[in-house]
Amino acid sequence: MERLKALIGKKEDKIDFVSYLITVLLTNKELYSDEVLFRDAVEEIYRTLRSEVVEKGRKELADAYEDAVLLRASLSGAIEPPDKLLTEIKKDLAR
C-alpha cells in the first residue's frame, strides 16, 4: 500500500484518500491493469471503510463499505447470483 500512497502522493484523511484512490483507479489504466497494485488498492479501500464503519460507527459510510465488500469478493471470483447467496445465508443460519 505504501507504493500506492507514494504513487498518489496525497496525505489526507482516510476517506479523502480512499476517494482519491478510487479516482486514480478509474482514470489511470496503467494502475488499473497492474493486478498487484489493483488488489492492494481494493484491499486498502475495504480495510479503511471497514474500520470507519465497524470500528468507528460511521453509519453514513455503510453503503460504501458494502460495495467494497462486493468489490473485494469480485476479485476472488466469489460473487454468486443473489438467489444463490440468499440460499447459502439461509443454510448458514440454520446451523
Scanning region 64-76 for residues that are crowded, with 18+ Cβ neighbours inside 10 Å and hydrophobic (A, V, I, L, M, F, W, C), which turns out farthest from SER19 (Cα to Cα)? ALA68
What are the pairs with Cβ atoms under 6 angstrom where one residue, in region 72-87, is within 25 Å of LEU37 (Cα to Cα) and the other, located anywhere, is at pLDDT below 75? Sequence gap at least six, or different chains. ALA73/ILE79
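Applying the selection to region 64-85, what residues are assigned to a helix (DSSP H, G or I) and more than 18 Å from LEU25 (Cβ to Cβ)? Spell out the reasoning first.
The initial filter retains those residues of region 64-85 that are assigned to a helix (DSSP H, G or I), namely 64-75, 82-85.
Residues satisfying the conditions are GLU66, PRO82, ASP83, LYS84, LEU85.
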Go through the residues of region 44-63 one by one and say whether even a single one is assigned to a loop (DSSP other than H, G, I, E, B), closer than 26 Å to TYR20 by Cα and either touching a Gly at 6+ places or on another chain (Cβ under 8 Å) or modelled with pLDDT under 90 (or both). no
TYR46 vs. criteria farther than 15 Å from LYS14 by Cα, surrounded by 14 or more Cβ atoms within 10 Å (Cβ to Cβ) and in contact with a helix residue (DSSP H, G or I) (Cβ under 6 Å, 6 or more places away or on another chain): no
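The values are calculated or read from the model by the stated rules, or taken from the named source; none is laboratory data. Note that this is a predicted model, so its numbers are computed, not measured. Positions of Cβ are generated from backbone atoms using ideal geometry, with glycine treated the same way; all protein chains shown enter the neighbour counts.
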